[in-house]
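Encoded as structure tokens, the structure appears first; notes follow it.
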Amino acid sequence: MIFINTYNAAPDFYLQSTAIDNLCEKYNFIRRDIIGKSLCGRDITALTIGNRQRRALYAAAFHGMEWLNTLFMLRFCEELAFAYKNMECANGINVFSQLQKHGITIIPCVNPDGVEIEINGSKSCPKYKKLIDSAASDTKLWQANARGIDLNHNFNAGWKELKKQEISLGINGPSPTRYGGIKPFSEPETIALKNFCIKNRFTRVLAFHSQGREVYCSYKNTPELSFTLGETFAKLSGYKVALPDKIATGGGFKDWVIGYLKTPAITVETGLGQNPLPLSDFQPEYNRIRRALFGCLFI
């Protein structure tokens with residue numbers, strides 16, 4: 001298999017767009033949907049292969065520094081597409097047959113502005129440059145969207161309780177990380193994802209973050225399949241099932257999916273080290289999680 005040459009550089013918006021264009025040209029059965037726009041007008045793209053009535057959702061790069069997950073998602077999408085087109089097995093699975101029964105949608109980057117800021121600095125979002133520069137002296141540590149709002153604190157799931165935690169830590173306004181905004185779903189990125197999920201009702205959802213090599217699968221009345229997904233991912237990757245820090249509980253996408261949609265969901269913290277994880281981690285970490293990506297799709 002010849003992979004698109006996307007994995008030797010950090011995936012800024014141009015590189016992401018080029019990779020997605022090439023994927024959809026090479027595999028014309030991939031359905032590309034623009035589910036919304038970021039604050040700065042960048043596309044939030046969803047790629048679907050296989051059954052559109054019954055499918056999983058894999059979504060990544062909610063945080064600017066966590067762009068290595070975008071590369072994992074693009075690579076996994078291409079591997080699925082290659083096997084699907086050529087009716088080949090991958091990871092011991094008949095991908096064409098299985099995806100006909102149960103498809104997948106992949107959103108490689110939920111927060112394109114945040115990724116752009118982390119890679120190319122505040123100049124990449126001119127309208128919000130002053131805000132970004134006042135909130136952070138170093139955009140290499142940027143997690144939020146262009147308005148300084150942490151998208152994974154902006155979902156309506158225990159949001160008020162999480163807001164109290166933010167305030168107790170002195171997080172009261174736009175910040176590189178952990179500021180959830182003035183209300184849930186205040187941001188176009190979280191609104192787009194909310195509307196897309198309500199419209200499509202996925203069978204399961206995996207949200208990819210970094211780092212820690214941990215899997216989080218519980219939130220209040222957790223569906224049994226969430227625990228199965230978490231245990232499966234951990235077993236196949238060598239990760240461990242864990243509980244997130246208190247400041248990372250509530251307000252997140254996985255929590256909203258479980259709490260509001262009643263859909264099984266897990267959060268995966270890929271890699272180990274300090275964000276942003278280096279490009280040199282891409283291939284070894286993808287090799288580590290590859291079986292788990294397949295395993296959670298076809299349970």
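The values are calculated or read from the model by the stated rules, or taken from the named source; none is laboratory data. As the structure is a prediction and not an experimental result, all values here were calculated from the model. Note: ideal-geometry Cβ built from the backbone for every residue, glycine included; neighbour counts use all protein chains shown.
Details
- For the residues 182, 171, the requirement of being outside any helix (DSSP H, G or I), in contact with a Lys or Arg (Cβ under 8 Å, 6 or more places away or on another chain) and without any contact (Cβ under 8 Å) to a residue 24 or more places away in the chain singles out 171.
- Residues satisfying the stated conditions in region 115-138, i.e. closer than 15 Å to residue 14 by Cα and either aliphatic (A, V, I, L, M) or buried (at least 21 other Cβ atoms within 10 Å of the Cβ) (or both): 115, 116, 117, 118, 119, 124, 125
- Filter result (at pLDDT below 95 and closer than 19 Å to residue 283 by Cα) within region 72-122: 90, 91
- Cβ-Cβ under 9 Å pairs, at least 6 apart or on other chains, region 22-33 side within 14 Å of residue 74 (Cα to Cα) and of a type in the set (Ser, Thr, Tyr), far side modelled with pLDDT of 95 or more and in a strand (DSSP E or B): 27/49
- Considering only residues in region 188-202 that are charged (D, E, K, R) and either free of Cβ contacts under 8 Å to residues at least 40 places away in the same chain or surrounded by 19 or more Cβ atoms within 10 Å (Cβ to Cβ) (or both), the one that is farthest from residue 264 (Cα to Cα) turns out to be 189.
- Inclusion of residue 45 among residues that are touching a Cys at 6+ places or on another chain (Cβ under 9 Å), assigned to a helix (DSSP H, G or I), within 22 Å of residue 296 (Cβ to Cβ) and modelled with pLDDT of 95 or more is not warranted.
- Within region 56-91, the set of residues being buried (at least 21 other Cβ atoms within 10 Å of the Cβ) and either of a type in the set (Asp, Glu) or touching a Ser or Thr at 6+ places or on another chain (Cβ under 7 Å) (or both) comprises 56, 57, 60, 61, 66, 68, 69, 71, 72, 74, 78.
- So residue 173, is it closer than 30 Å to residue 298 by Cβ and at pLDDT 95 or above: no
- All positions within region 258-281 that are in contact with a Phe, Trp or Tyr (Cβ under 8 Å, 6 or more places away or on another chain), surrounded by 18 or more Cβ atoms within 10 Å (Cβ to Cβ) and in a helix (DSSP H, G or I): 258, 259
- Among residues of region 1-55 being under 26 Å from residue 280 (Cβ atoms) and among the small types (Gly, Ala, Ser), the one that is surrounded by the most Cβ atoms within 10 Å (Cβ to Cβ) is 19.
- For region 17-42, a residue qualifies if it is of a type in the set (Ser, Thr, Tyr), over 24 Å from residue 87 (Cβ atoms) and in a loop (DSSP other than H, G, I, E, B), and exactly one does: 38.
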